[in-house]
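Single-structure report; data block below.
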Amino acid sequence: MEFRYLPMTETDKKEMLKTIGADSTDALFSDIPSKVRFVGDLNLKKPANEAELKKELTNLANKNANLKEYSSFLGAGVYDHFIPSVVDHVISRSEFYTAYTPYQPEISQGELQAIFEFQTMISELTGMPVANSSMYDGGTALAEAVNLSAATTKRKKILVSKTVHPESRAVIDSYAKGPNLEIVEIDQVNGLTDLKQLADELDENTASVVIQYPNFFGQIEPLNEVKELIDQQKKTMFIVSSNPLALGYLTPPGEFGADIVVGDTQVFGIPAQFGGPHCGYFATTTKLMRKVPGRLVGQTTDEDGQRGFVLTLQAREQHIRRDKATSNICSNQALNALASSVAMSSIGKHGLKKMAMLNMQKARYMKQKLSESNFEIITQDAFFNELVVKVTGPVSDYNEKLLKKGFIGGYDLEQAYPELHGHMLIAVTEIRTKEEIDTFVKELGDING
Amino acid sequence: MANQDFPLIFERSKEGRTSYSLPELDIPEFDLEDEFEDTFIRKTAPELPEVSELEIMRHYTGLSRRNYGVDSGFYPLGSCTMKYNPKINEDVARLDGFSHIHPYQDPKSVQGAMEMMYDLQESLKEITGMNEVSLQPAAGAQGEWTGLMMIRAFHEANGDFNRTKVIVPDSAHGTNPASATVAGFDAVTVKSNEKGLVDLEDLRRVVDNDTAALMLTNPNTLGLFETEILEMAEIVHEAGGKLYYDGANLNAIMGYARPGDMGFDVVHLNLHKTFTGPHGGGGPGSGPVGVSKELTPYLPKPLLIKNDDMYVFDYDRPESIGRVKPYYGNFGINLRAYTYIRTMGGEGLKKVSEYAVLNANYMMRKLEKEYDLPFPQHCKHEFVLSGKRQKKLGVRTLDIAKRLLDFGYHPPTIYFPLNVEEALMVEPTETESKETLDGFIETMLEISDEAKNDPETVQDAPHNTIVKRMDETTAARKPILRYNK
Ligand SMILES: Cc1ncc(COP(=O)(O)O)c(C=O)c1O
């Protein structure tokens, strides 16, 4: 069998073994105790040639209903936005995608500068002075923010609104077990955080309050009121998770006094790809700069005074500080951060607001249409591009029927909120047309009967 | 003000330029400002660049030319397995049916994706000899933490709350002790002996009934197989501890040995290393975990299983440690790894390890003539040299690395592992030809000559790169982490 990724010839092998002074390559494995030496062949599918494999995988891909062929109104943290062609052309440059972490700045200025630009864009969007080079995703970024707040305040109690993405809350719960944090969930009332309960729970042991903006239901949490409550407790930190696209229209969390702002830049140039890889971002105040998890790129000069970029403040990180590091993250999401940078550059300063508003406009059109068809709309207050509608049976039944009509329906809220039976969370992005919305509402109405 | 020979994207920006192509509003307009309290409406637009589409391409193409990847040249960065990234992987990852599917679609509408994931799990089970695999962890470090959380859950389920220690060799990667801390353990170091292997005496000394686990990288970060691994396993298991296998170095042993057969309870793999997920300039990665039967109940949820002919996500796992990441892991990277495994098969993967080890040993024997080799036995997929001799001449390992840049190479990993002075960690990988290895060897020998005869050339390197050595001290002392107009 020939393997196109393996260039050594038999002649090469012989020469090399001679240099090494070994009879066979097997001799190089003699340090493996014979008791655990694996014999025989791994029982895997037979190797496939390139053409055959492409066909096989294309067939597998075709078994999936994809967002290009179906009109999707599914969001809930992962969105179907337009991806400009330039994005894939840039990230397909193999100088980017076949490189690793830019440890050698002299030959990695491209990646370093791209990250520096990403940090700047995130800082601009969130209204925070410092942003890192990326985290795995929005959910783990949020969990790291929670752990950072506990380490900084030396407190254990965390208040997390139930309007935060349910999977992010699940990840927070997992990460909180290490440092033994006490996670207290704050209920939602009409799709917004119950501020009264929040006020009751906030005390001198509270490390941080976690709010999502826009929240999981698409609604706009009153960050100003939350901040006022937090300010009654010294040191308690304000953590906000934000869809960065919404920040094209909404006042950024930084202006409301957030200490840490996190989220996912999937909305900018990253396909849904079944939930990953996406790209977490992590932005903070200057005060927390030396505690930020992950890589940071800083500007400096070389020996000739030329501007350049380096990985910096590495004393926070695992490879220097080991068990005292602020996080264990090593590999991050660099290539996806690059994709988002390209998408943000493409959308640009004015395009961003326009794109955010297009999402909002279309979502309101959806709301109006649903309302005209006598659906009960749950979302009443200010919202971004998602809204909640009540249907008369299990949402999964609706989605099954919608799929047959060419639609991917909304998220079944009952999965995460048992009290919300028959509640569908519908996302409308800029690429959904009037016609798609009209037809979707009509189909939904037909199913409703 | 520093010279700026390559502008930032913000410096290319000009008011009024655009590169976006948004749809027109095809519906009646709503008054948004009516709906929002004024405080929530953003007053100053974020300063994103305003550039044309061509300017974007020129900018990023320019940046790419100021970067260096495996496709640019030899990249023997130890511990990182910088092997070739197959192009078919990139193509299939971009198929609409894989790249444009939503994690919350009805599982019935994404059976193809789930079948791929299931097959990958099965393949990884076979390769590692473990009982079950979860693809959820996003990277190696997250796999480590996931594994330790499962071990913690296991001990706690046995009413064993006093196991506070995780033992980590001094040669371990930094993520090992860091993950132990994040999982709520105290990391305790075990020393290496003069052979570069874990010192069994020291291991016996540190292991006791507080021991939750031993985290072992094998082959270790010196590129050496831990020959006494079975004795180590016994020591730890006898004390009631669990064995964690950092599988970042699996490239050395595929088809030759399996963590499961060596008695390990948890293993993580780095699919972005061994299994060709591209490194992406730092990520994204994927760090699946495999577990023994005993630890299977604690795997993150949901677990992808097969029920009759349907693939389903099983959430009904009461003993699970919960979720470690939203959705189902880095699917796009897992897909690339799967494509690679299907390309190679069992026979091919074994050859991968065979050649990875052959290449490393060949280079090691050629280079030991001029560079100090602290551990002379056969290595596995990588080896660690010491720049001790050159240091005596005033040339440090950092200088050698910088000098390599002048010859068009990416340098090896330097100053890691920490238990070797002036370390140079070389991992050639199996995808490099003998000619490439010979070229690099020749250059290394030439640099060694320079160190003797013309040390300044090495000390002042690099000479040919677009920028010279960077002032990292100022960067850290007065951090500039974003562009300001
Ligand atoms: C031995 C070893 N363990 C763990 C890791 C961490 O993996 P990741 O960067 O994917 O988090 C690495 C990566 O460099 C490694 O070399």
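Observations
- If you go through the range B:262-279 and pick out every residue that is charged (D, E, K, R) and in contact with a Lys or Arg (Cβ under 6 Å, 6 or more places away or on another chain), you end up with 1.
- Among the candidates B:296, B:274, residue that is out of contact with any Pro (no Cβ under 9 Å at 6 or more places or on another chain), open to solvent by less than 10 Å² (accessible area, probe 1.4 Å) and touching a residue at least 60 places away in the same chain (Cβ under 8 Å): B:274
- If you go through the range A:255-270 and pick out every residue that is open to solvent by less than 10 Å² (accessible area, probe 1.4 Å), touching a helix residue (DSSP H, G or I) at 6+ places or on another chain (Cβ under 6 Å) and not in a loop (DSSP other than H, G, I, E, B), you end up with 5.
- From A:339, A:334, residue being within 18 Å of the chain's Cα centre (by Cα), within 16 Å of the ligand (Cβ to nearest atom) and not polar (S, T, N, Q): A:334
- Filtering A:180, A:243 for residues that are open to solvent by 20 Å² or more (accessible area, probe 1.4 Å) and either touching a Pro at 6+ places or on another chain (Cβ under 8 Å) or of a type in the set (A, V, I, L, M) (or both) leaves a single hit, A:243.
- Failed condition for residue A:322, given (1) within 30 Å of residue A:179 (Cα to Cα); (2) at the interface with chain B (Cβ under 7 Å from one of its Cβ atoms); (3) not in a helix (DSSP H, G or I): (3)
- Taken as a whole, the condition of being within 11 Å of the ligand (Cβ to nearest atom) and facing another protein chain (nearest Cβ under 9 Å) does not apply to residue B:268.
- Helices (runs of 4 or more DSSP H) fully within the range A:25-133 that include at least 3 residues being at the interface with another protein chain (Cβ under 7 Å from one of its Cβ atoms), closer than 30 Å to residue B:108 by Cα and of a type in the set (A, V, I, L, M, F, W, C): A:50-62.
- Residue B:107 being modelled with pLDDT of 95 or more, on the phi < 0 side of the Ramachandran plot and open to solvent by less than 10 Å² (accessible area, probe 1.4 Å): no
- Here residue B:85 clears all of (1) under 22 Å from the mean Cα position of the chain (by Cα); (2) closer than 30 Å to residue A:395 by Cα; (3) of a type in the set (S, T, N, Q) except the condition numbered (2).
- Within the range B:308-358, tally of residues that are farther than 29 Å from residue B:436 by Cα, at pLDDT 95 or above and more than 7 Å from chain A (Cβ to nearest Cβ): 13
- Inclusion of residue A:376 among residues that are away from the ligand (no atom under 16 Å from the Cβ), touching a Lys or Arg at 6+ places or on another chain (Cβ under 7 Å) and free of Cβ contacts under 8 Å to residues at least 24 places away in the same chain is warranted.
- Lone qualifier among A:364, A:432 - being touching a strand residue (DSSP E or B) at 6+ places or on another chain (Cβ under 9 Å), basic (Lys, Arg), within 24 Å of residue A:66 (Cα to Cα) and within 11 Å of another protein chain (Cβ to nearest Cβ): A:432
- In the set B:147, B:159, only one residue is within 16 Å of the ligand (Cβ to nearest atom) and either within 14 Å of chain A (Cβ to nearest Cβ) or open to solvent by 10 Å² or more (accessible area, probe 1.4 Å) (or both); that residue is B:147.
- Residue within the range A:433-442 that is more than 30 Å from residue A:248 (Cα to Cα) and outside any loop (DSSP other than H, G, I, E, B) present: yes
So that you can scan it fast, the table gives a plain yes or no per residue for (1) more than 8 Å from chain A (Cβ to nearest Cβ); (2) in contact with a helix residue (DSSP H, G or I) (Cβ under 6 Å, 6 or more places away or on another chain); (3) closer than 24 Å to residue A:97 by Cα:
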site	(1), (2), (3)
B:21	no, no, no
B:30	no, yes, no
B:37	no, no, no
B:40	no, no, no
B:60	no, yes, yes
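- Residue within the range A:293-316 that is more than 16 Å from the ligand (Cβ to nearest atom), at the interface with another protein chain (Cβ under 7 Å from one of its Cβ atoms) and assigned to a helix (DSSP H, G or I) present: no
- Apart from one condition, residue A:273 fits all of (1) at the interface with chain B (Cβ under 8 Å from one of its Cβ atoms); (2) open to solvent by less than 10 Å² (accessible area, probe 1.4 Å); (3) under 30 Å from residue B:95 (Cβ atoms); the exception is (2).
- Each residue in the range B:78-109 was checked for being in contact with a strand residue (DSSP E or B) (Cβ under 8 Å, 6 or more places away or on another chain), within 16 Å of the ligand (Cβ to nearest atom) and facing chain A (nearest Cβ under 7 Å), and 1 of them qualify.
- Residue in the range B:92-113 that is in a loop (DSSP other than H, G, I, E, B), under 34 Å from the mean Cα position of the chain (by Cα) and not assigned by TED's automatic domain parsing to the domain that holds residue B:270 present: no
- Pairs where the first residue, in the range B:168-186, is facing chain A (nearest Cβ under 7 Å) and more than 14 Å from the ligand (Cβ to nearest atom) and the second is open to solvent by 10 Å² or more (accessible area, probe 1.4 Å) and at pLDDT below 95, C-beta under 6 Å, 6+ apart: B:181/A:323
- Some residue of the range A:395-402 being modelled with pLDDT of 95 or more and within 21 Å of residue A:219 (Cβ to Cβ): yes
- Residue, farthest from the other protein chains (Cβ to nearest Cβ), within the range B:117-144, restricted to residues that are more than 16 Å from the ligand (Cβ to nearest atom) and within 13 Å of residue B:330 (Cβ to Cβ): B:120
- Taking first residues from the range B:358-369 that are of a type in the set (Asp, Glu) and partners that are at pLDDT 95 or above and open to solvent by 30 Å² or more (accessible area, probe 1.4 Å), the Cβ contacts under 9 Å between residues at least 6 apart in sequence or on separate chains come to B:368/B:376.
- The set of residues in the range B:279-293 being more than 10 Å from the chain's Cα centre (by Cα) and in a loop (DSSP other than H, G, I, E, B) consists of B:280, B:281, B:288, B:292, B:293.
The values are calculated or read from the model by the stated rules, or taken from the named source; none is laboratory data. Owing to the predicted nature of the structure, the values given are computational and were not obtained by experimental measurement. Positions of Cβ are generated from backbone atoms using ideal geometry, with glycine treated the same way; all protein chains shown enter the neighbour counts. Remember, those area values only see protein heavy atoms, side chains included, never the ligands or the DNA or RNA. Shrake-Rupley method; radii C 1.70, N 1.55, O 1.52, S 1.80 Å.
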